[in-house]
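As structure tokens, the structure follows; a few thoughts come after it.
The values are calculated or read from the model by the stated rules, or taken from the named source; none is laboratory data. Predicted model, so just to flag it, every value in this text is computed and none were measured. Every residue, glycine as well, gets a Cβ built from its backbone with ideal geometry; the counts of neighbours run over all protein chains shown. Calculation scope for accessible area: heavy atoms of the full protein, side chains included, ligands and nucleic acids excluded. Shrake-Rupley method; radii C 1.70, N 1.55, O 1.52, S 1.80 Å.
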Amino acid sequence: QLQAYGGGLVQAGDSLSLSCAASGRPFGDYEMGWFRQAPGKERRFVAGIMSSGGSSTVYAASVKGRFTISRDNAKNKVYLHMNTLKPEDTAIYYCAASRNWRMIRFEAEYVSWGRGTLVTVSS
């Protein structure tokens, strides 16, 4: 099971960090990703991190340079640190687990999804 938390209401330019806690499976075996779904839009890939963590990360172009994904396999957690937030970052953010790093950007490749957490960025 996955549970994302840490969302909230912030102003444009602020920073916010999301966390995702995993339980019930060997966390270190999975690639992890963050997706988001804005109001009235489809869910989209935000960031992904390889099972081993470190610098093996990928980002959507819209967040690259502003968001950072990281993980702590000892704590079974993955994080999304968001800087310089914009109103267009407003969305429900989901964490998810995958076994396919090569397809990390593709929603269909994920085998487990957490309940989302809402991030609202006011202008």
Requested in this report: Please tell me if Leu118 is part of a strand (DSSP E or B) and not β-branched (Val, Ile, Thr).
Outcome: yes
Query - the stretch 37-61, residues that are open to solvent by 70 Å² or more (accessible area, probe 1.4 Å), over 13 Å from the mean Cα position of the chain (by Cα) and of a type outside the set (Ser, Thr, Tyr) - result: Pro39, Gly40, Lys41, Glu42, Ala61
Query raised in the report: Among the residues of the stretch 78-90 satisfying the criterion of being within 21 Å of Gln1 (Cα to Cα) and in contact with a Leu (Cβ under 7 Å, 6 or more places away or on another chain), which is most open to solvent (accessible area, probe 1.4 Å)?
Result: Tyr79
Requested in this report: Working only within the stretch 91-103, note down all residues that are of a type in the set (A, V, I, L, M, F, W, C) and either surrounded by 21 or more Cβ atoms within 10 Å (Cβ to Cβ) or in a helix (DSSP H, G or I) (or both).
Outcome: Ala91, Cys95, Ala96, Ala97, Trp101, Met103
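Yes or no: the stretch 81-89 includes at least one residue that is assigned to a strand (DSSP E or B) and out of contact with any helix residue (DSSP H, G or I) (no Cβ under 9 Å at 6 or more places or on another chain).
The answer is yes; a qualifying residue exists.
Being farther than 17 Å from Gly24 by Cα and open to solvent by 30 Å² or more (accessible area, probe 1.4 Å) narrows it down to one residue among Lys64, Lys75; which is it?
Step by step, each of Lys64, Lys75 is checked, and only Lys64 is farther than 17 Å from Gly24 by Cα and open to solvent by 30 Å² or more (accessible area, probe 1.4 Å).
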Report summary line: For the stretch 11-36, the count of residues that are open to solvent by 70 Å² or more (accessible area, probe 1.4 Å) and in a strand (DSSP E or B) equals 1
**Report entry** Filter result (under 10 Å from the mean Cα position of the chain (by Cα), hydrophobic (A, V, I, L, M, F, W, C) and under 19 Å from Val10 (Cα atoms)) within the stretch 62-81
**Finding:** Phe67, Leu80
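Yes or no, residue by residue, for (1) touching a residue at least 60 places away in the same chain (Cβ under 8 Å); (2) under 20 Å from Glu107 (Cα atoms):
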residue	(1), (2)
Val10	yes, no
Arg25	yes, yes
Tyr30	yes, yes
Trp34	yes, yes
Ala38	no, yes
Lys41	no, yes
Phe45	yes, yes
Ser56	no, yes
Query - Within the stretch 104-123, considering residues that are within 16 Å of Ser51 (Cα to Cα) and β-branched (Val, Ile, Thr), the one surrounded by the most Cβ atoms within 10 Å (Cβ to Cβ) - result: Ile104
Query raised in the report: Only one of Gly24, Gly28, Gly6, Gly54 is of a type outside the set (Phe, Trp, Tyr), farther than 16 Å from Arg99 by Cα and at pLDDT below 95; which?
Result: Gly54
Report task. Please state which one of Ala47, Ala97, Ala91 is in contact with a Ser or Thr (Cβ under 6 Å, 6 or more places away or on another chain), aliphatic (A, V, I, L, M) and modelled with pLDDT of 95 or more. Result -> Ala97
